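Quick notes on the structure that follows.
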Amino acid sequence: MIRTRKKRQLSKVPRARTRRTRRHARRPIYARILFLLLVLAYCAVLLWTLFLWDGARITQIVVTGTERVDPIDIQERIQKTYSGTMWRFFPRMQYVLMRPRDIAQTVRDMSGVIRDVDVTMTFPHTLNIDIKEWRHVYIWCMHTEGKCYLLEDNGQIGREVADNDKIVRDNPVTRIEDIGTKTHYSFTQKNAITPSFLNALFTILKNNGIPLKEDVITVPHRRAQELSATTKEGWILTIAATQPLTATIRVIKSVLSDGITSQERERLVALDARLVRKIFYRVRGDDGEEEEKESNNSEDGDIQPLDE
């Protein structure tokens with residue numbers, strides 16, 4: 001009898017446990033359904049917030065760094081370009097649909113004055129556009145090839161540009177006429193003639209009463225690192241870019257004020273300041289013939305620095 005009862009008890013235990021397990025297994029199904037509904041509701045609210053909510057739509061466009069370009073024109077271009085809807089449903093001005101790279105390219109294509117664009121966005125509705133503009137463009141032109149290239153900030157030669165390019169059309173341009181270089185492959189080498197050097201040269205000479213014509217500069221060769229420019233008085237100035245600029249201009253100013261006479265200044269044809277301690281210059285005589293002279297000068301004298 002004892003064995004029979006034990007067998008009956010042992011046979012009943014698994015059945016009882018199986019029933020409990022089934023009861024507990026049915027309960028999580030409702031919890032899972034509720035959890036799934038909550039997840040779907042969260043996703044729906046999130047999608048509506050990102051793609052349809054007016055509060056996550058770009059309504060404020062802040063443009064900084066402009067001097068020559070009107071910020072209102074940039075704002076109007078952005079609003080016009082990104083007006084309407086995407087896929088006939090989502091407004092294109094939604095924060096999540098705006099792409100800074102595409103916006104920067106849109107602004108950059110507006111004008112040749114714009115050099116670089118930095119676009120950032122602040123959630124939920126602000127678009128920040130920082131503009132860098134060209135102040136002066138220098139292009140290196142080769143007589144042998146008949147092509148011109150953009151002069152980069154480090155003195156290297158950049159991409160090819162044509163006369164009808166917007167960067168040439170919309171900005172003050174100085175053409176650097178290279179009469180000796182035969183191939184543009186030598187342009188990979190750095191040069192002392194850089195935009196910053198030329199800007200300083202034009203500004204300091206202008207401040208010291210020796211303004212240059214800024215439309216054309218002549219260089220004998222890419223590797224020569226020297227240049228010739230015509231002053232507004234009509235005579236040609238030649239300097240070496242490897243010499244200290246302030247010392248060179250100090251000597252030029254000293255020669256023009258004390259090294260030559262007023263009559264020679266009026267008949268001056270060219271002045272060679274490639275050697276700081278020894279200056280050569282040419283004057284036109286009464287018979288029309290040019291005469292070359294030499295002037296030994298020191299670097300004494302003050303010059304007017306760059307404008308702040």
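Each reported figure results from applying straightforward, stated rules to the coordinates on display, with no laboratory input. Since the structure is predicted, the reported quantities are computational estimates derived from the model, not experimental observations.
Miscellaneous remarks
- Using θ = phi - 60° and Karplus 6.51 cos²θ - 1.76 cosθ + 1.60, couplings along region 28-43 (whole Hz; Gly, Pro as x): x, 4, 5, 5, 5, 4, 4, 5, 5, 5, 5, 5, 5, 5, 4, 5
- For region 151-168, Karplus couplings with θ = phi - 60° (6.51, -1.76, 1.60), whole Hz, Gly/Pro x: 8, 7, 5, 8, x, 7, 9, x, 6, 6, 10, 10, 5, 8, 5, 5, 5, 7
- Working note: Debye formula, equal point scatterers on the alpha-carbon atoms of region 133-222, no solvent; log10 I(q)/I(0) at q = 0.15, 0.18, 0.19, 0.24 Å⁻¹ is -0.55, -0.79, -0.87, -1.32.
- Near ILE217, the amide H atoms lying under 5 Å from its own belong to ARG175, ILE176, GLU177; only residues 5 or more places off or on other chains count, and H is placed 1.01 Å from N.
- Rounded to the nearest Hz, the phi-derived 3J(HN,Hα) couplings of region 94-107 under the Karplus curve 6.51 cos²θ - 1.76 cosθ + 1.60 (θ = phi - 60°) are 5, 4, 6, 8, 7, 10, x, 5, 5, 5, 4, 5, 4, 5, where x marks glycine and proline.
- Percent of beta bridges antiparallel (DSSP, region 120-267, rounded to nearest 5): 65 percent
- Amide H contacts under 5 Å for THR181, placed H, 5+ residues apart: ARG222
- With a threshold of 28 Å on the Cα-Cα distance, the over-threshold entries among LYS147/LYS253; LYS147/LYS213; LYS166/LYS213; LYS80/LYS166 are LYS147/LYS253.
- Proximity of backbone amide H atoms, modeled 1.01 Å from N, is registered between VAL269 and ARG282, VAL283, ARG284 at under 5 Å, excluding neighbours fewer than 5 places apart on the same chain.
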